[in-house]
Each structure stands twice: as C-alpha cells, then as structure tokens.
Amino acid sequence: MGIPSIAIMLHELIKLLYYSKCSNVIVFRIGTSGGIGLEPGSVVITQQSVDATFKPQLEQVVLGKSVFRSTDLDKKLAEELLECGKELDQFNTVTGNTMCTLDFYEGQARLDGAVCSYSEEEKLQYLKSAHAAGVRNIEMESSVFAAMCNLSGLRGAVVCVTLLNRLEGDQVTAPHEVLKEYQTRPQKLVGHFIKKHLGKP
C-alpha cells in the first residue's frame, strides 16, 4: 500500500524483466480509488498522476537532494483502454488525472481521521479545485508507477474503479456485494484489452 511498497515491487519487477530479456512489455496498475465528481463504480484511466498540489510530478529525495520526475502516462495506451471501455459498454469509463497522495486521511482531505486541521468547507473547496484541475480520482500509488515506467521505458497504465464520490462524503457506503462487483471492473477492462491484443474474442 502506498508509494514505498509499490516502488520496491517495481524495482524488482523491472530488474526481472531486464534479466529475462522481455520486450514490448505493458504493465498495469489496477485497483480502487476515491472518485471526484463521478458516480461510484466509474472506472478512471489515468492520463497524468498529479501530486497534492496538482502538479504532474513525483518528488523523490536522492542523495539528500530533491529530484522531480515526470508522471505522464502513455497517451495512446490510455486511448486504447478508453475504446475498450466503450466496446464493453458495461460501466462508466473515463480518462482523467489521478491525484496520488502520501496519506489516506488529511492528505486526501478526509474529515474522518484521528486528527483534522481544516473545516468541511475547506475540504470541499480543495476537492472542487482538484476537480477543476482535471483530477477525477485519488489513490496512493500512481505517481511512482508512472515515474518508473518513464524511467525504464515501459508502457504503463493506471486503471482504478471509484468506490465513492468524495464530493458527497468520506465513507464508502455501498453494500459488500456491490463493492465486490465494482472491484472486478478494472480487471474486466484490462482483460478485454489483453484479449483484443491477442486476437481472441
């Protein structure tokens, strides 16, 4: 969970791909997220991962100095995935920016953590500003995923389902069975993409 864990995994994965001489590799990060201005169950294909100030960058400290890395994702791949969503026609599929945070509570403007240093009005103002900046969902892994894809030359995509609309609250209220079905949606979309590229019906 979060940037540190996925960063370690990606380093190990990229080394394995290198030593096994794999080529034309596409990697996907699929999962769940909080939506902004979208109905729950919508699937967001990330165009850019942005930080909590809405900048498309990952700040990483290397040898005591801040290094800023691009978090743009493969535009053509995102367009192909969006087309797959239209072909499936089973759920709302959109492209947009994904905000990647270091924290699940204050970092994501939640009111339900152990501490909270802002008002509900300030929270809503911030989330509306995020929406105006093109942000459609929030999660905790996409920035380092995008940065590592760029650094290593891998084509990559982030595909996440929204479990709630953060403009309407902080708590996930959908029943368990509904959430289970929501969580299959990114898998269905990526599965359709893979079958299409393999030439299978």
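At-a-glance table
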| read-out | value |
| --- | --- |
| Residue identified as farther than 24 Å from LYS123 by Cα and either surrounded by 13 or more Cβ atoms within 10 Å (Cβ to Cβ) or over 14 Å from the mean Cα position of the chain (by Cα) (or both) among LEU38, LEU16 | LEU16 |
| Residue in segment 126-133 that is closer than 20 Å to GLN187 by Cβ and small (Gly, Ala, Ser) present | no |
| Positions within segment 126-147 being within 16 Å of ASP170 (Cβ to Cβ), open to solvent by 20 Å² or more (accessible area, probe 1.4 Å) and either without any contact (Cβ under 8 Å) to a residue 24 or more places away in the chain or of a type in the set (A, V, I, L, M) (or both), in sequence order | TYR126, MET140 |
| Subset tally (residues that are under 17 Å from the mean Cα position of the chain (by Cα), part of a loop (DSSP other than H, G, I, E, B) and of a type in the set (Asp, Glu)) for segment 72-94 | 1 |
| Test result for ARG69, assigned to a strand (DSSP E or B), open to solvent by less than 90 Å² (accessible area, probe 1.4 Å), farther than 27 Å from ASN165 by Cα and touching a residue at least 60 places away in the same chain (Cβ under 8 Å) | yes |
| Residue list for segment 1-44, filter: of a type in the set (D, E, K, R) and part of a helix (DSSP H, G or I) | GLU12, LYS15 |
| The one condition in (1) assigned to a loop (DSSP other than H, G, I, E, B); (2) open to solvent by 20 Å² or more (accessible area, probe 1.4 Å) that GLU59 fails to fulfil | (1) |
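The values are calculated or read from the model by the stated rules, or taken from the named source; none is laboratory data. These figures come from a predicted structure and were not determined experimentally. Backbone-built Cβ (ideal geometry, glycine too); neighbour counts: all protein chains shown. Keep in mind that these areas ignore ligands, DNA and RNA; they rest on the heavy atoms of the full protein, side chains included. Shrake-Rupley method; radii C 1.70, N 1.55, O 1.52, S 1.80 Å.
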